[in-house]
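Undergrad: Sharing a structure here in structure tokens format.
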Amino acid sequence: MICVVLIADLFISDENRVVTFWLSIASLLITGWALVASAPEARTLVFDGSYVSDALSQILKLAACGMVGVGFWYARDYLRQNQLLKGEFYLLGLFGLLGMMIMISANSLLTMYLGLETLSLSLYALVAFDRNSAVAAEAAMKYFVLGAIASGAFLYGISWVYGVTGSLQFDAIAAAVQGGEANGMPLWFGMAFMIAGIAFKFGAVPFHSWLPDVYQGARSPITLYIASAPKLAALALLLRILVDGLGDLHEVWQGMIMVLAVLSLLIGNIVAIAQTNIKRMLGYSAIAHVGFILLAVFTGTDDGYAAALFYTLTYVVMAAGAFGMIILLSRNGFEAENLADFKGLNARSPWFAMMMLFFMFGMAGVPPWVGFIAKLNAISAVLDAGFPGLAILMVVASVIGAYYYLRVIWYMYFEGAEDRSVFQANIDTRVILSLNGLAVLILGIMPGWLLAVCIDAIARTY
Amino acid sequence: MGMMQNILSLLIWLPVFGGIAVLLMGDAGDSTSSKAGNMRWLALVISLATFVLSLVLYGSFDTTTAAMQFVEKTSWIGALNVEYYLGVDGISAPLILLTTFITPLVIIAGWETIKVRPAQYFAAFLILEGLMIGVFSALDGVLFYVLWEAMLVPMFLIIGIWGGERRVYATLKFFLYTFLGSVLMLVAFIYLYNKTGSFNFFAFMEVPLTLKEQQLIFIAFLLAFAVKVPMWPVHTWLPDAHVEAPTGGSVVLAAIMLKMGGYGFIRLSLPMVPDGSEYFAGLMIALSLIAVVYIGFVALMQTDMKKLIAYSSIAHMGFVTLGFFLLWSVSSGSGAELGITGGMVQMISHGLVSGAMFLCVGVLYDRVHSREIGDYGGVANTMPTFAAFMVLFAMANAGLPGTSGFVGEFMVIIASFKANFWFAFFAASTLILGAAYTLWMVKRVIYGEVTNQHVAKLTDLHRREFIVLGVLAIAVLLVGLWPAPLVDMMSVTVRELVVQISQSKLTGI
């Protein structure tokens with residue numbers, strides 16, 4: 001489909017660029033349908049064992065398609081106003097999605113790396129998409145250089161693991177580890193490098209320095225894209241490598257993940273308080289949320305993995321909505337990236353102020369929005385695994401984090417409006433943003449089905 | 001009939017959806033438009049309908065059993081074994097009645113005074129009412145917690161949007177303080193869930209726990225409820241929140257939200273961790289007495305009327321927590337029941353009286369735009385009807401026999417006398433202190449010569465204000481002169497509760 005879109009775009013002039021948009025949406029819908037229609041009952045290996053299709057991959061791929069579609073939709077009007085509506089945006093977005101799908105379904109370290117690089121290269125190009133923005137170019141350079149180093153580290157780790165276990169496929173690696181012959185310092189060494197690469201992708205401390213700059217520097221729709229769907233792929237990266245491949249080394253990687261998680265939780269929440277740029281603030285908040293996800297994975301239990309999956313899925317929905325709101329408030333030449341731009345939103349548009357309130361309280365973990373259920377799950381998994389101290393840390397970190405989300409609501413509701421311009425988004429974008437907001441509330445009140453799906457997916461996969 | 005079975009759900013969701021309807025109806029951006037007028041009537045009708053429903057609940061309430069009534073139980077989040085489990089007994093039913101009684105009064109009080117986005121104001125109160133009724137009827141941990149925290153959201157907005165000058169500081173402090181306290185309660189719930197396999201309150205009450213576990217869980221609950229009550233020393237959010245909140249917000253905060261803390265102690269701490277409660281009973285009694293005496297003195301020094309009433313609230317709630325934790329100090333059985341019943345009655349009475357006092361201050365503030373005692377004096381000369389009401393409520397606050405304030409305080413003092421002379425001595429000091437700060441404030445504001453030109457121009461009560469204060473006055477006198485129906489509602493439940501608490505839950509050494 002990507003090739004079709006690529007060719008078609010050559011023949012479409014700038015005015016009709018919206019056709020590219022619709023083609024992209026169509027291709028996403030077809031992909032989604034194909035995923036559902038061809039879903040195999042059991043775990044299926046294809047391409048000589050390097051590609052797997054199981055319940056986990058189904059869910060993540062469907063979610064990735066959906067979030068990329070939402071991202072495209074929010075982006076369209078913004079790009080048009082800012083004269084950025086080029087076909088390349090959709091192409092790069094779709095290539096990135098391809099990378100994500102490869103990562104999600106990878107059963108071999110090399111396939112995983114292939115998907116990772118496809119995604120990363122697409123993202124580097126997307127960050128630099130606005131040729132006239134120096135900030136974007138700087139962010140892209142940082143992302144590219146740091147990403148290249150991280151990918152190099154990841155590859156280095158892969159080479160060690162391959163050397164020790166003799167295979168690149170997760171099944172074979174797991175067998176080798178179980179056999180006992182491979183277990184030892186060299187394997188752990190390789191694993192540590194791989195975890196460093198994974199942590200970079202997630203944005204976990206101390207591999208997070210690219211994240212705030214990239215979130216701030218890239219244009220808002222691109223930040224939305226980076227903030228939402230790739231998190232799903234990163235989760236797949238984490239689960240596939242650490243659980244599929246190195247599951248028996250759980251005691252070894254547990255400590256590493258815990259350190260990353262606790263640092264992310266603390267630093268993400270505390271530094272976010274100091275931010276005045278909302279994109280940067282959401283970047284640090286993403287780091288904090290990653291801390292939660294990592295803690296859920298660190299438990300090593302099925303409950304923990306299901307909790308991580310649920311958390312990632314719901315976080316991605318909320319992040320898309322929050323960035324969608326930033327896009328809504330922006331217009332030609334003006335990027336609504338400062339917290340102060342949200343002042344008085346309740347007076348300008350009570351409905352969208354309420355939507356932003358939903359996203360903010362959702363991320364803070366306040367009931368009845370879905371963020372609370374996600375946190376409840378994660379805390380429950382951690383407590384059940386026998387770490388009450390960590391559970392208390394998680395809740396205290398949530399309270400610290402609540403402050404900067406409350407600040408946004410404070411600006412929207414308690415301050416007067418300084419900027420009274422009209423929103424430049426079409427009605428369809430507004431409808432989808434509203435549905436996004438309502439989804440956060442409704443998922444919070446009725447989370448049962450999604451929880452069951454996640455638990456079932458993990459159970460069937462492991 | 002079918003409706004009776006689901007009356008609790010109706011009581012919760014009618015105000016919530018009613019609030020959403022009010023919100024959607026809107027006020028067309030102008031508080032004086034006819035659309036706004038219709039919206040106000042809709043809000044009032046919904047709140048009155050909820051009150052009538054609660055009267056129906058009261059009418060069908062069986063006072064002879066301690067079991068949960070009007071129970072509704074369905075699976076909500078199957079994956080976590082969370083149920084939508086509602087039920088009321090003699091402890092929750094009076095609190096629900098209090099909630100539905102106060103809300104229409106608050107709506108009437110805000111009729112004209114709220115000029116900025118009134119639709120959001122009334123919607124917030126209605127949704128808040130539904131959530132509060134939910135907290136009082138929830139019997140499942142996650143349901144309870146969700147409603148408990150969700151309550152903070154409308155109140156956060158109410159204080160922040162329609163409050164006074166320092167409203168942002170006050171509302172952020174309110175939200176973060178109570179949120180921090182409550183999350184530890186969540187951790188305790190999850191711990192108990194991992195032990196019992198469900199979030200059912202009754203499962204929590206029955207599971208045996210070691211003393212260490214009980215102590216830790218009690219501390220977790222304590223932090224959540226002590227902040228809500230509020231107890232000394234985690235009370236500092238309350239004076240700020242009350243002072244900066246709009247009148248309606250202060251009323252709901254004082255009358256109902258503070259009771260949540262007391263309800264939490266009696267519904268969760270006492271039955272679920274009785275040995276932990278016994279272990280810390282001395283601490284609780286000490287903190288309560290500090291609240292009564294020390295905060296009483298602090299109230300004496302206030303010059304801002306709302307702050308004075310806020311500190312008075314803390315002192316009165318000290319009585320409530322004192323009554324609840326006397327069980328283990330009392331030698332004879334009836335003393336414990338008396339203490340808990342006294343605490344419950346005090347909660348209801350305080351809800352009525354402090355709500356009334358905040359409304360009185362609101363009446364004055366609407367006219368003069370000042371809460372400072374120094375800006376008043378001789379109000380009785382220009383507002384005689386109002387003065388009569390204010391003096392009545394002040395007397396009730398001080399605990400005058402015949403008013404509702406006396407009944408609860410008297411019960412708790414007798415119970416504490418049965419426990420320990422010194423407990424009663426310090427508790428009874430409230431009779432003096434309460435009279436001191438309340439009556440001194442009244443004297444400076446209401447009586448004397450008219451020295452302030454603002455006071456000289458005051459007009460007496462409007463019809464709306466008269467209705468609100470009148471209804472509250474009747475309620476205060478009714479509970480004060482004839483508390484039997486109220487006490488009857490709770491007596492069997494309290495007796496069962498005392499029996500339950502007295503049984504140790506330890507798993508052995």
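Each value in this text was obtained by applying a stated rule to the coordinates, not by laboratory testing. In this text, all values refer to a predicted model and were calculated from it rather than measured experimentally. All Cβ positions, even for glycine, are placed from backbone atoms using ideal geometry, and neighbour counts span all protein chains on display.
Undergrad: Treating each Cα of the stretch B:343-452 as an identical point scatterer and ignoring solvent, apply the Debye formula and state log10 I(q)/I(0) at q = 0.12, 0.13, 0.14 Å⁻¹.
TA: -0.46, -0.53, -0.60
Undergrad: Enumerate the aspartates and glutamates that B:LYS212 could reach by cross-link, defined here as Cα to Cα under 12 Å, with residues fewer than 8 away along the same chain left out.
TA: Hits, sequence-local ones excluded: B:ASP275.
Undergrad: Using modelled backbone amide H atoms (1.01 Å from N, in-plane), which distant-in-sequence or interchain residues come within less than 5 Å of B:ASN200's amide H?
TA: Amide H neighbours of B:ASN200, under 5 Å, 5+ apart: B:GLY141.
Undergrad: Past 23 Å, Cα to Cα: identify those pairs from A:LYS142/A:LYS201; A:LYS375/B:LYS73; B:LYS306/B:LYS443, in the order given. Display every interim value, and only then the final one.
TA: Numbers: A:LYS142/A:LYS201 14 Å; A:LYS375/B:LYS73 25 Å; B:LYS306/B:LYS443 16 Å.
In this structure, A:LYS375/B:LYS73 lie more than 23 Å apart at Cα.
Undergrad: What is the average number of partner chain Cβ atoms found within 10 Å of a Cβ in B:163-175?
TA: Averaged over the peptide's residues, the number is 2.
Undergrad: Going by average Cβ neighbours within 10 Å, how do the peptides B:14-21, B:366-373 rank, with the highest at the top?
TA: My ranking of the peptides, most packed first, is B:14-21, B:366-373.
Undergrad: How much length would be gained if the chain were fully extended between B:ILE414 and B:VAL52, taking 0.36 nm per residue of separation minus their Cα-Cα distance, in nm to one decimal?
TA: Working: separation 362, 0.36 × 362 = 130.32 nm, distance 3.54 nm.
Here the segment from B:ILE414 to B:VAL52 would lengthen by 126.8 nm.
Undergrad: Work out how far the C-alpha atoms of the stretch A:24-96 reach from end to end along every principal axis, then list the three figures in whole Å, largest first.
TA: Sorted largest first, the three principal extents are 47, 20, 17 Å.
Undergrad: What order, most packed first, do the peptides B:417-425, A:290-298 have when packing is the mean number of other Cβ atoms within 10 Å of each residue?
TA: With the highest mean Cβ count within 10 Å placed first, the list reads A:290-298, B:417-425.
Undergrad: Right, something else. I need A:ILE373, A:ILE442, A:ILE427 ordered by Cβ neighbour count within 10 Å, fewest first. Please list the in-between numbers first.
TA: Working: A:ILE373 31, A:ILE442 14, A:ILE427 7.
Taking fewest neighbouring Cβ atoms as first place, the list is A:ILE427, A:ILE442, A:ILE373.
Undergrad: Which aspartates and glutamates have a Cα lying under 12 Å from the Cα of B:LYS195, excluding residues fewer than 8 positions away in the same chain?
TA: Counting by Cα, and skipping residues close in sequence, B:LYS195 has these aspartates and glutamates nearby: A:ASP384, B:GLU206, B:GLU213.
Undergrad: How do the peptides B:238-248, A:315-325 rank, highest first, by the average count of neighbouring beta carbon atoms within 10 Å per residue?
TA: In decreasing order of mean packing, B:238-248, A:315-325 become A:315-325, B:238-248.
Undergrad: While we're here: Rounded, prolate or oblate: pick one for chain B, where a ≥ b ≥ c are the square roots of the eigenvalues of its C-alpha gyration tensor, a/c under 1.5 means rounded, and failing that, prolate if a/b is larger than b/c, else oblate.
TA: Because a/c hits 1.5 or more and a/b fails to exceed b/c, chain B counts as oblate.
Undergrad: Using the Karplus curve 6.51 cos²θ - 1.76 cosθ + 1.60 with θ = phi - 60°, work out ³J(HN,Hα) for each residue of the stretch B:130-147 in order, rounded to whole Hz, and write x for Gly and Pro.
TA: With the stated coefficients, the stretch B:130-147 comes to x, 5, 5, 4, x, 4, 5, 9, 6, 10, 10, x, 5, 4, 4, 5, 4, 5 Hz.
Undergrad: OK, next. Between the stretch B:277-315 and the stretch A:413-455, what's the alpha-carbon centroid distance in Å?
TA: After rounding, the separation between the Cα centres reads 43 Å.
Undergrad: Do you know the relative contact order of chain A, to the nearest whole percent, from alpha carbon pairs under 8 angstrom that are 6+ apart? List each step's numbers first, then the result.
TA: On the way: 739 pairs, mean separation 71.2, N = 462.
With pairs under 8 Å counted, the relative contact order is 15 percent.
Undergrad: With the cut-off at 24 Å, report for the stretch A:134-281 the share of all Cα pairs above it, as a whole percent.
TA: 37 percent
Undergrad: Full-extension gain between A:ASP302 and A:ARG460, please, as 0.36 nm times their residue separation minus the C-alpha to C-alpha distance.
TA: Taking 0.36 nm per residue and subtracting the Cα distance, the gain is 55.8 nm.
Undergrad: Which ³J(HN,Hα) values, rounded to whole Hz and listed in residue order, are derived for the stretch A:202-209 from phi using the Karplus coefficients 6.51, -1.76 and 1.60 in 6.51 cos²θ - 1.76 cosθ + 1.60 with θ = phi - 60°, glycine and proline given as x?
TA: Rounded to whole hertz, the list is 6, x, 8, 5, x, 9, 9, 4.
Undergrad: Okay, moving on. Between B:ASP375 and B:LEU477, what is the FRET efficiency for a Förster distance of 35 Å, r being their Cβ-Cβ separation, to the nearest 0.05?
TA: 0.70
Undergrad: At 0.36 nm per residue, and after removing the present C-alpha to C-alpha distance, how many nm does the segment from A:ASP171 to A:ASP48 gain when stretched out fully?
TA: Gain on stretching A:ASP171 to A:ASP48: 43.1 nm.
Undergrad: Report ³J(HN,Hα) in whole Hz for each residue of the stretch B:237-243, in order, from the Karplus equation J = 6.51 cos²θ - 1.76 cosθ + 1.60 where θ = phi - 60°; Gly and Pro get x.
TA: 6, 5, x, 4, 5, 5, 5
Undergrad: Over the stretch A:289-330, what per residue volume does the convex hull of the Cα atoms give, in whole Å³?
TA: Expressed per residue, the convex hull around the Cα atoms of the stretch A:289-330 is 39 Å³.
Undergrad: Same structure again: Could you check what % of the DSSP bridge pairs in chain B are antiparallel, to the nearest 5?
TA: Counting only bridges with both partners in chain B, antiparallel ones make up about 80 percent.
Undergrad: Between B:THR32 and A:ARG131, what is the label-to-label distance in nm when each label sits 7 Å out along the Cα-to-Cβ direction?
TA: 5.8 nm
Undergrad: Let me make sure I get this right: for the stretch B:33-84, a, b and c are the square roots of the gyration tensor eigenvalues over alpha carbons, sorted descending. Under 1.5 in a/c it's rounded, otherwise prolate if a/b > b/c, else oblate. Which is it? Could the numbers behind the result be given before it?
TA: Working: a/c = 6.74, a/b = 1.53, b/c = 4.41.
In terms of gyration-tensor shape, oblate.
Undergrad: Determine the shape class of the stretch B:47-128: with a ≥ b ≥ c the square roots of the Cα gyration tensor eigenvalues, call it rounded for a/c under 1.5, and otherwise prolate if a/b is greater than b/c, oblate otherwise. If you can, show how the numbers build up before the last one.
TA: Details: a/c = 3.66, a/b = 1.52, b/c = 2.40.
Oblate, because a/c is 1.5 or more while a/b does not exceed b/c.
Undergrad: When B:GLU129, A:GLU251, A:GLU335 are ordered from fewest to most other Cβ atoms inside 10 Å of their Cβ, what list results?
TA: The order, fewest Cβ neighbours first, is A:GLU251, A:GLU335, B:GLU129.
Undergrad: Can you list residues whose amide H is under 5 Å from A:ARG331's amide H, if they're 5+ apart or on another chain and H is modeled 1.01 Å from N?
TA: Here the answer is A:ALA336, since their amide H atoms fall under 5 Å of that of A:ARG331.
Undergrad: Please report, in debye to the nearest 20, how large the charge dipole of chain B is about its Cα centre when each Lys and Arg carries +1 at its beta carbon and each Asp and Glu carries -1 there.
TA: 580 debye
Undergrad: Then there is this: Given the convex hull over the Cα atoms of the stretch A:286-436, what projected area results after averaging over all orientations, in nm²? Display every interim value, and only then the final one.
TA: Details: hull surface 36.1 nm².
Average projection, Cα convex hull of the stretch A:286-436: 9.0 nm².
Undergrad: Where in the stretch A:126-164 does the amide nitrogen come within less than 17 Å of the point 7 Å from the Cα of A:LEU110, taken along Cα to Cβ?
TA: It comes to A:155-164, nothing else.
Undergrad: Below 14 angstrom from the Cβ of B:SER491, what's the summed charge of the other residues (Lys, Arg +1; Asp, Glu -1)?
TA: Values: positive: B:ARG495; negative: B:ASP62, B:ASP89, B:GLU337, B:ASP488, B:GLU496.
Here the count lands on -4.
Undergrad: Given a Förster distance of 30 Å, report the FRET efficiency between B:ALA484 and B:PHE297 from their Cβ-Cβ distance, rounded to the nearest 0.05. Don't skip to the answer; put the middle values down first.
TA: On the way: r = 35 Å, r/R0 = 1.16.
The value I calculate is 0.30.
Undergrad: For peptide A:413-422, how many partner chain Cβ atoms fall within 10 Å of a residue's Cβ, on average?
TA: Mean shielding count: 2.
Undergrad: If eta is 0.890 mPa s and T is 25 °C, what Stokes-Einstein diffusion coefficient results for the stretch A:155-211, Kirkwood Rh from Cα pairs, in µm²/s?
TA: Answer, rounded: 207 µm²/s.
Undergrad: Give, as a single signed number, the net charge of other residues whose beta carbon lies under 12 Å from the beta carbon of A:PHE129, with Lys and Arg counted +1 and Asp and Glu -1. All intermediate terms of the calculation are to be shown ahead of the outcome.
TA: Working: positive: A:LYS86, A:ARG131, A:ARG219; negative: A:GLU88, A:ASP130.
Neighbourhood net charge equals +1.
Undergrad: In nm, to one decimal, how far is the A:ASN338 label point from the A:TRP351 one, both placed 7 Å along Cα→Cβ?
TA: That separation, rounded to one decimal, is 2.9 nm.
Undergrad: Can you give the average number of partner chain beta-carbon atoms within 10 Å of each beta-carbon in peptide A:342-348, as a whole number?
TA: What the average comes to for A:342-348 is 1.
Undergrad: Assuming R0 = 56 Å, what is the FRET efficiency of B:TRP440 and B:VAL207, from their Cβ-Cβ distance, to the nearest 0.05?
TA: Efficiency at R0 = 56 Å is approximately 0.65.
Undergrad: Hey, another quick one. Just report the Cα centroid separation between the stretch A:257-331 and the stretch B:227-250, whole Å.
TA: So the separation of the two Cα centres works out to 32 Å.
Undergrad: Per residue and in Å³, how big is the convex hull formed by the alpha-carbon atoms of the stretch A:363-462?
TA: 133 Å³
Undergrad: What Kirkwood radius, in Å to one decimal, follows from the Cα pairs of the protein assembly as shown?
TA: 29.9 Å
Undergrad: Which cross-chain or sequence-distant (5 or more) residues have an amide H under 5 Å from the amide H of B:TRP76, H modelled 1.01 Å from N in plane?
TA: Amide H neighbours of B:TRP76: B:VAL82, B:GLU83, B:TYR84.
Undergrad: If I model a spin label at B:LEU506 and A:LYS86 as a point 7 Å from the Cα along the Cα→Cβ vector, what separation in nanometres do I get?
TA: Placing both labels 7 Å beyond Cα along the Cβ direction yields 7.6 nm.
Undergrad: Take the alpha carbon atoms of the stretch B:405-458, find their center, do the same for the stretch A:345-381, and report the distance between the two centers in whole angstrom.
TA: Spelled out, the Cα-based centre of one part sits 43 Å from the other.
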